[in-house]
Amino acid sequence: MSGNVQEWTWDWWAPAYPPGVLVYPTGPDSGEYRVRRGGSWVVVASICTVAYRLFNYPNYRSNSVGFRVVSR
């Protein structure tokens, strides 16, 4: 499911993940910005993928950003 809203993640932002094979990469342990993934109804279809990453301050709000509750 991707494309309705960009999804907030719990991950802190880093410009890139460390090299190597990664399973469930989470980024650094702390930071200033949180990661948003995917596209939303206000962006072009080519970036409506979970691999697309953006960042904002944790208190950023928009009608095109949301979150999904999941459990492991």
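General observations
- Accessible area in square angstrom per residue, the chain, 1.4 angstrom probe: 76
- Under 5 Å, built H, 5+ apart or other chain: amide partners of residue 43: none
- Carbon plus sulfur fraction of accessible area for the chain, probe 1.4 Å, in percent: 59
- Considering only 52, 12, 41, the residue lying farthest towards the positive end of the dipole of the chain is 41, judged by Cα position with unit charges set on Cβ.
- Net charge of neighbours whose Cβ lies under 14 Å from the Cβ of residue 26, counting Lys and Arg as +1 and Asp and Glu as -1: +2
- Beta bridges per DSSP with both ends in the chain, % antiparallel, nearest 5: 80
- Relative contact order (%) - criterion: Cα under 8 Å, at least six apart; region: the chain: 40
- According to the Cα-based calculation, Rg over Rh for the chain is 0.96, with Rh computed by the Kirkwood formula.
- Ranked by the mean number of other Cβ atoms within 10 Å of their residues, highest first, the peptides 62-70, 35-43, 15-23, 49-57 fall in the order 35-43, 49-57, 62-70, 15-23.
The values are calculated or read from the model by the stated rules, or taken from the named source; none is laboratory data. What you are looking at is a predicted structure, and each value in this text was computed from that prediction instead of being measured. Ideal geometry is used to build each Cβ from the backbone, glycine not excepted, and the neighbour counts take in all protein chains shown. SASA here: full protein model, heavy atoms, side chains in, ligands and nucleic acids out. Shrake-Rupley method; radii C 1.70, N 1.55, O 1.52, S 1.80 Å.
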